[in-house]
Amino acid sequence: MINWYRTNDGKEQNYYRTTLHGALIVAIKDHMPTCDDPNNSHAIHLQDVHFTYRQIRWDHVIATSSGSYDLDDLGLD
């Protein structure tokens, strides 16, 4: 489960949630701009994380709406 946060009125707010089932991390790529460059002083360490999964669910916590995808429903193996 991944909880997504934003700032609302100066406080952290969990506004979105992604839930994966049967998930595997298949790749991770790091990004770190050159810190010696003053133009990058605001930059932070980032990562791209790639997943495969059997099921995924998206929940908009604030709007109380959701959606999902289940590969098992397709009858593929």
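Looking at (1) assigned to a strand (DSSP E or B); (2) exposed (fewer than 12 other Cβ atoms within 10 Å of the Cβ), which is the one condition that is false for Tyr69?
(2)
Considering only the range 53-74, I want to know if a residue exists there that is among the polar types (S, T, N, Q) and touching a residue at least 40 places away in the same chain (Cβ under 8 Å).
no
For the range 8-16, does any single residue satisfy the condition of being closer than 27 Å to Leu74 by Cβ and part of a strand (DSSP E or B)?
Yes, the range 8-16 contains at least one residue that is closer than 27 Å to Leu74 by Cβ and part of a strand (DSSP E or B).
Out of (1) touching a strand residue (DSSP E or B) at 6+ places or on another chain (Cβ under 7 Å); (2) surrounded by 10 or more Cβ atoms within 10 Å (Cβ to Cβ), what's the single condition that is false for Ala43?
(1)
Within the range 25-48, which residues are over 19 Å from Ile2 (Cα atoms) and of a type in the set (S, T, N, Q)?
Passing the criteria: Thr34, Asn39, Asn40, Ser41.
Out of all the residues in the range 34-56, which are within 28 Å of Tyr16 (Cα to Cα) and out of contact with any His (no Cβ under 8 Å at 6 or more places or on another chain)? Before you say what the answer is, go through the steps one by one.
Keep residues of the range 34-56 that are within 28 Å of Tyr16 (Cα to Cα), which gives 42-56.
Across the range 34-56, the qualifying residues are His42, Ala43, Ile44, Val49, His50, Phe51, Thr52.
(1) modelled with pLDDT of 95 or more; (2) on the phi < 0 side of the Ramachandran plot: which one isn't true of Leu74, the others all being true?
The number of the failed condition is (1).
The values are calculated or read from the model by the stated rules, or taken from the named source; none is laboratory data. Everything numeric in this text was worked out from a predicted model, so none of it was measured. No Cβ is skipped: glycine too gets one built from the backbone with ideal geometry, and neighbour counts run over all protein chains shown.
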